[in-house]
Structure formats: C-alpha cells, structure tokens
1. How large, in percent, is the carbon and sulfur part of the accessible surface of the range 710-768 at a probe radius of 1.4 Å?
2. Efficiency by 1/(1 + (r/R0)^6): what FRET value for Ser139 and Glu108, r their Cβ-Cβ distance, R0 = 35 Å, to the nearest 0.05?
3. If I model a spin label at Thr32 and Glu593 as a point 7 Å from the Cα along the Cα→Cβ vector, what separation in nanometres do I get?
4. Any chance you could run the full-extension gain for Lys178 through Arg252? It's 0.36 nm times the residue separation minus the Cα-Cα distance, nm to one decimal.
5. When the chain is fully extended, how far beyond the present Cα-Cα distance does Ser769 get from Glu579, taking 0.36 nm per residue of separation?
6. If you filter the range 149-213 for trypsin sites (Lys or Arg not before Pro), then keep DSSP loop positions with at most 10 other Cβ within 10 Å, what is left?
7. Which FRET efficiency, nearest 0.05, do Leu663 and Phe420 yield, Cβ-Cβ r, R0 25 Å?
8. Lys and Arg at +1, Asp and Glu at -1: add these up for the other residues within a Cβ distance under 14 Å of Pro296 and post the number.
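The values are calculated or read from the model by the stated rules, or taken from the named source; none is laboratory data. Please read these numbers as outputs of a predicted model, since none were measured by experiment. Positions of Cβ are backbone-derived with ideal geometry, glycine not excepted, and every protein chain shown enters the neighbour counts. Ligands, DNA and RNA are excluded from the accessible area calculation, which covers all protein heavy atoms including side chains. Shrake-Rupley method; radii C 1.70, N 1.55, O 1.52, S 1.80 Å.
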Amino acid sequence: MLKLFTENFWDAVARLILRNKIIILVGIVIATFLLSQKWDNMRFTNTEANLLPDDHDVNITYNNFLKTFGEEGNLIILGVKDSTLFTVEKLNAWNKLANSFKGNPSVETVVSIKDLQKLVKDTKDKKFILEPFIKDSVSSLAQIETLENDLFKKYPFYDNFLFNKETKTIRTAIYLKKDIVNTSIRKDFVLDELIPQIKTFEDTYNLEVRASGMPYIRTLNAQNIIDEIGMFVLAALLVTSLIFFFFFRSFRATFISVIVVCIGVMWSLGIIGFLNYEITVLTALIPPLIIVIGIPNCIFLINKYQHEVKLHGNKIKSLQRVITKVGNATLMTNVTTASGFATFILTESKLLKEFGIVASLSILAIFMLCLLIIPIIYAFLPSPKDRHLEHLNRRWIGGFVNWMERMVRHKRITIYITAFILVVVSIIGIYQIKISGSLIEDMPQRSQFVKDIRFFEDEFNGIMPLEIMIDTKRKKGVMKRSTLKRMDELEDLIIEIPELSKPISVVGLVKYSKQAYYNGNTKYYQLPTAQENSFILSYAKNSSSNVDLLKNFVDSTGQYARITTFMKDIGTDKMERIEENLQTKIDKVFPKEKYNVTMTGKALVFQKGTKYLVKNLAISLSLAIILIALFMAYMFRSGRMIIVSLIPNLLPLVITAGLMGYLGVPIKPSTILVFSIAFGISVDDTIHFLAKYRQELQANKWKIKVSVYGALRETGVSMFYTSIVLFFGFSVFTISSFGGTVALGALVSMTLLFAMLANLLLLPSLLLSLERSIANKKVLKKPTINIIPKEDDKGEKDSEF
C-alpha cells in the first residue's frame with residue numbers, strides 16, 4: 001500500500017492523471033455544471049454583520065431589548081437645510097412627499113412637520129387632546145412664521161427631533177415595518193420607491209434632500225458591495241493574467257491559467273450556494289481571492305513543466321515530473337493557505353466562520369483543478385517551442401537570481417542586522433496601533449450616503465441609536481415619580497455629552513404633559529411635583545392620545561422604559577469612555593436591588609464585536625502558526641527547521657503591524673483579517689523553497705551549501721513571479737470604495753512583498769548559518785534531515801544528510 005504523499009504516491013497520482021485524461025476532464029465539467037446549479041441558492045445578505053457569537057452577553061442584552069420594544073433600526077430620515085423651504089409651495093410639497101409614503105405597505109408610520117401635534121388641555125373632559133400644528137396645508141407666509149415660532153421657541157419636546165432650531169434644518173422620520181427591516185422588501189422599498197421619489201422632488205423644487213438611517217445605509221452599502229464583486233473579479237483576472245503574460249510571454253499558458261481560475265471562481269460560488277450561505281462583505285471577496293491565489297499555482301506548475309522540457313525535451317516525462325516534484329509542495333502550500341483562512345472557523349462569529357469555510361474549501365478546490373487541468377491540457381498540446389522557454393533565459397531574471405545568491409553568500413550579517421533593526425522599529429510602531437469600532441469608517445467615504453451621515457451628525461448629533469433599557473422590576477413602575485426623576489438625572493448627563501443627541505423617552509412626554517396642563521407655558525416644561533403628579537396623571541389617564549405616544553417609550557406592562565439617544569460615529573476609545581461615564585451614573589442613580597439598567601444598540605454591539613474580534617485575532621493567528629509548524633514538522637521532523645521556516649514568515653507580520661502603527665491604520669474587522677491571511681499565503685514560498693531544498697539535498701549527496709544555492713536558483717524565479725502576482729493581485733482591492741477592503745488589499749500586498757524578500761534572503765541565510773549547529777544530528781528516515789559533517793572537494797566542511 002502506498003504511503004500517503006511520498007514519491008511513490010505522487011508517481012501513482014501522475015500515472016492516474018495522465019492515463020485518464022478524458023474521464024477527469026468530463027468529471028470536472030460535470031462537477032462544474034452541478035455546482036453552477038447551486039448558484040440559485042446564493043443570496044445577498046439583508047441582515048447586518050454581527051461579529052459576536054449568539055450567546056455573547058452583549059447579543060443577549062440586545063435581543064432582550066428587541067423582544068421588549070421591537071426592532072430599533074427601522075428609522076429612515078430625510079432632511080433639508082435650505083431657507084427657501086419655508087415658502088408656501090415648497091413646505092407643502094415637503095409635507096406631501098412625506099405623506100406619499102404613508103400608504104406604502106413597507107411603512108409603519110411617517111412623522112413630518114405636518115404630523116407634529118400640540119398637546120392641549122381639555123378642561124371640560126379633564127383630559128389631554130392633540131391638535132395639529134398644520135391642519136391641512138400651509139396657505140400663507142404668516143402661517144409659516146407662526147409655525148416657526150411655535151416649533152423653534154414654544155415646544156422643546158420636539159426640539160432636535162424633526163428640526164434644529166439653530167440652523168433651521170428640517171427632517172422627516174419614516175418608520176419601516178419592523179418585520180421587513182431584515183428582508184429584501186427593505187431593499188426594494190429604498191431602491192425602487194424611496195430614492196426615485198426623492199430624486200423627483202429634488203428636480204422639481206431645486207432642493208437637496210439628505211437621506212440616512214440604518215435601513216437606508218445598509219441598503220446602499222450592500223448595493224455597493226454587489227456592484228464591486230464583478231469589478232474585483234474582472235480587475236483580478238486582468239491584472240494577474242497581464243503579469244502572467246509578461247513573465248511567460250505565452251498566450252497559450254496565459255489562456256490555460258485564466259480558464260483554470262475561472263472554473264475555480266465558478267466552484268467557489270457553487271460552494272456558497274451549496275452551503276446556503278449569504279453573500280456578505282467577506283464572502284464577496286472570495287471569487288477574486290481565488291483568482292489571486294490560483295494564478296501562483298499555475299505559475300509553479302507551468303514554470304516547472306517548461307524547466308523540465310528545456311532540460312530533456314520529453315513532454316510526457318516533464319508532465320509526470322511536474323506532478324511528482326511540484327505536486328507535494330503545491331499541496332502543502334495550498335493546505336497552509338487554506339489553514340490560514342480555516343482558523344476563522346474556530347471563532348464564534350458566524351460571519352467569520354462562513355468566510356473561513358468557503359475560503360478554505362475554495363482554495364483546496366483550486367489546487368485540485370490546477371493539478372488536474374494543467375498537465376492534462378499540456379498533454380494534448382504540442383511541446384513548447386523555444387520561444388515559450390525564452391523567459392527562463394532572460395538576463396534580468398538571471399541577474400536577480402545572481403543578486404540573491406550574492407547577498408546570501410557574502411552579505412549574511414547585513415541581512416541579519418537589517419532584519420533586527422526592522423523588528424525593533426516595528427515593535428515601537430506596534431505600540432502605537434489603536435482599535436477602531438467605527439461603524440461607518442469602512443464605508444465608501446466619497447459616496448453620497450456617507451456624506452449624508454456626516455450631515456446628520458453635524459445637525460442632529462448622529463443617526464446611530466444607543467438604547468438604555470430600564471427594568472423597574474414591577475408592573476407600572478416606570479410612571480412612578482421616583483423612576484422618572486432618576487431617568488431625568490441620567491438624561492441630563494446624556495445632554496452634556498457632545499457626541500450624543502438629545503435623548504427621547506417618556507420623561508419628555510411627562511414634561512410635555514405638565515407644559516400642556518399649564519396651557520403651553522414653556523417654563524413648565526419639567527417633571528411634575530408630587531402635588532402636581534396626581535392631577536396631571538389623571539388627565540393623562542383619560543387621554544387616548546397619551547397612550548399612543550407612550551407605546552414607543554414604555555412597554556405594555558409599564559415595567560420597562562427606554563431612553564433613546566443617537567450617537568456620532570466615534571472611535572472605540574471615546575465610545576468606551578462614554579459607556580464608562582454612563583455606567584457610573586447608572587450605578588449611582590439606579591439602585592441595583594430596585595432596577596436593572598442595560599445599555600445596547602447597534603453602535604454598541606458593533607464596537608463590542610470589534611473588541612471581540614481583536615481578541616480572537618491572537619487565537620486564530622496562533623492556531624495558524626501551530627498548524628503550519630506541524631506541516632513543517634511533517635516535512636523535516638526537526639524542531640530547528642520549524643523555527644528556521646517560521647522566522648521569515650513572522651517577520652513580515654511584525655513589520656506590517658509596525659507600519660499600521662506609524663501610518664495610523666487602526667485594528668478593525670477588515671485589518672484584523674490581514675495577519676492570518678498573509679501568514680497562510682506567505683508560508684507558501686517557504687514550503688516551495690524547503691521542498692526543493694530537500695530534493696537538492698538528495699540529489700547532491702546531502703551537501704547543505706550546494707543544496708541551498710541550487711534551491712535558490714530554481715525556486716527563486718517562481719517565488720519572485722508568484723509574489724509579484726500576489727502583490728499586484730491583492731493590490732486590486734485598493735480600487736474599492738470601501739476603506740476596509742482598501743486596507744486589506746494594501747496591507748496583505750505589503751506583507752507578501754516583505755515575505756518574498758524574507759524567504760529569498762533571510763531563509764537561505766538562516767539555513768547556511770545554522771549549518772554547523774544542525775550538522776550534529778543524524779536522521780534515519782528519509783523525510784527526516786540528518787547532517788554529518790564531511791570535507792568537500794575544496795577542503796571546506798559541508799554537511800551530509
């Protein structure tokens with residue numbers, strides 16, 4: 001029985017592939033067809049990315065809030081900052097625009113200036129009634145002046161809700177039905193109904209309408225992701241195939257490689273559909289990733305094939321050697337790359353798990369496709385002509401290889417000193433890295449919807465909800481005067497925090513009730529005294545209008561209340577300070593034996609998710625290092641060789657982390673992925689080099705020096721080619737409008753460039769420097785390396801394995 005992954009195993013694989021060419025090709029066509037049938041199962045996500053596991057305390061708190069008060073991210077806001085709005089024609093048109101959404105099946109309610117109502121005391125029936133500020137429509141400028149005076153001066157309850165009295169910015173609130181917020185109906189409403197109506201209004205009345213709110217932001221952000229998938233795939237194909245052609249100068253080789261990676265992309269999309277996963281901001285990156293990772297596989301296989309043809313001219317023998325000599329190394333490189341992605345499976349985040357599963361399966365699939373398709377196609381084609389092999393003799397490539405060999409042979413100390421200085425400088429930079437929990441930092445900063453977010457931040461202090469839920473632990477406990485006073489004290493602190501908007505809660509409604517009781521006198525906009533409480537509440541109990549207003553702030557039992565505030569898009573540090581200040585006040589004002597007060601909201605959940613992800617980064621990266629160390633142990637069964645192989649791959653990660661600190665690039669969900677991905681890919685060069693190094697040892701009677709330089713000369717060209725392809729391939733992501741995708745592409749590209757230099761210069765230097773120390777062990781098994789010093793022909797000590 002063949003031992004797995006030995007030379008005999010790969011000989012058998014080569015025979016199997018080359019003797020069953022038609023059957024294998026038919027099998028690939030059938031598999032591709034079957035996977036393409038699963039594309040119908042693919043769907044773009046309609047929910048927000050939740051970075052936390054379902055059983056995390058923050059998620060449990062948020063879900064408890066949703067059970068009590070329903071979906072909180074269902075608000076879309078429209079705003080206008082233009083003095084010409086306050087004319088009869090335009091103000092009526094603005095109210096008509098808001099009114100046009102009221103009958104829409106996706107909309108629960110709409111609140112515009114026309115819908116605002118005065119709370120008025122009815123002394124006859126001893127109750128409060130609601131009277132509209134605008135009964136039907138505005139008919140005169142005098143009516144507008146009265147309206148402005150009422151809204152901006154007399155009724156503080158509405159201040160900063162639908163208008164900013166300082167800048168006279170007006171907005172309309174559209175509340176979507178809570179059951180459609182996380183469905184495709186929301187997307188259809190925003191794209192097919194809301195945006196066209198806004199555009200018509202803008203064109204007709206020459207007013208710029210700003211739109212925002214979580215449903216609107218999520219829809220446009222998701223649409224941008226969808227639009228970029230095709231762009232990335234085409235750009236990745238174009239860039240990698242152009243570089244491939246530049247190196248090989250062969251249309252045939254380029255076309256074969258493009259066909260292979262295109263089938264790989266089709267398989268990756270089929271895997272997503274087969275597993276019934278949604279296309280998220282991460283899984284959308286997988287098709288171009290497969291192209292970028294697949295092309296280097298093609299380079300190694302085709303370069304080896306052409307190298308063998310040049311040596312002896314036998315096509316079939318060359319193809320057989322491609323599989324037997326490069327197959328094992330290519331398998332190991334793809335397994336290590338897949339392992340880098342697979343570590344995300346071990347996190348508790350659903351988003352990362354799905355990304356890890358699809359990416360790792362797709363990488364293994366592209367390896368299999370490369371190994372099967374390339375030798376089979378070349379078996380049907382005639383042998384390469386001399387012009388196809390010219391790239392192997394190019395002077396500049398020879399010069400580059402000679403430079404590497406010269407550096408390793410004569411400048412080893414310089415290489416070590418440079419590496420040491422880079423490590424020290426990078427460690428200083430690492431201490432300057434900050435963590436960012438910004439919800440919109442990675443969104444397309446030049447897009448109109450992000451500009452609109454900034455607009456509402458300036459005018460109304462943000463649009464991202466922060467919710468505080470108060471559990472009074474008894475029914476009807478919210479309306480107790482002691483509870484209202486405690487809530488009012490907490491709201492005073494919120495008002496003092498510049499990053500938070502004016503809070504909205506039952507407290508404001510009770511204050512408004514007292515103002516109404518005293519005939520709208522603004523100075524009575526305050527909580528009732530103990531004496532006033534009883535007769536003001538008696539009015540409230542007789543009023544159906546108050547019940548309607550209360551339902552958004554208090555649950556049906558009267559046990560739970562909410563305080564809603566909106567926050568600016570701020571960094572993690574500021575967010576944590578605000579949370580700490582609020583929690584200190586909560587602990588001081590609300591006794592734990594009487595109240596259970598929790599903070600939640602989408603912004604807080606995202607910030608906590610970022611912190612959780614950072615914690616998981618260390619775990620996933622450690623697992624990737626351990627897995628890859630195990631692969632090295634399998635190849636060499638030597639602890640020192642494991643250390644030698646890991647150093648050139650850890651060094652680029654340290655340098656990249658240092659650069660992030662110096663350049664002010666924060667740790668966030670997008671940049672967190674860089675380290676595990678880059679490590680999994682960069683170690684590929686190490687494996688190719690060491691695999692060739694081991695073959696050279698066997699061919700050169702176990703002489704280390706000869707073997708190191710031989711491995712460097714043969715694999716150096718392929719390593720350079722693949723690293724350049726990977727560098728420019730990942731650079732494709734920098735054309736994205738998403739800041740996170742740009743950072744991911746730029747950082748991975750830089751890391752892989754550093755990794756190439758480390759593997760071409762530092763790795764062979766370490767092997768030569770450690771020659772004497774590892775020359776004291778003897779290896780009995782073939783994969784195990786044993787070194788016995790012996791004299792070479794020149795009298796220098798070399799080593800034998």
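1. Carbon and sulfur atoms account for 79 percent of the accessible area of the range 710-768.
2. 0.70
3. Using points 7 Å along Cα→Cβ, the separation is 7.4 nm.
4. My answer for the length gained is 21.1 nm.
5. Difference between extended and current length: 63.0 nm.
6. Here no trypsin sites (Lys or Arg not before Pro) fit, given the DSSP loop and packing criteria.
7. The pair Leu663/Phe420 has a calculated efficiency of 0.70.
8. -1
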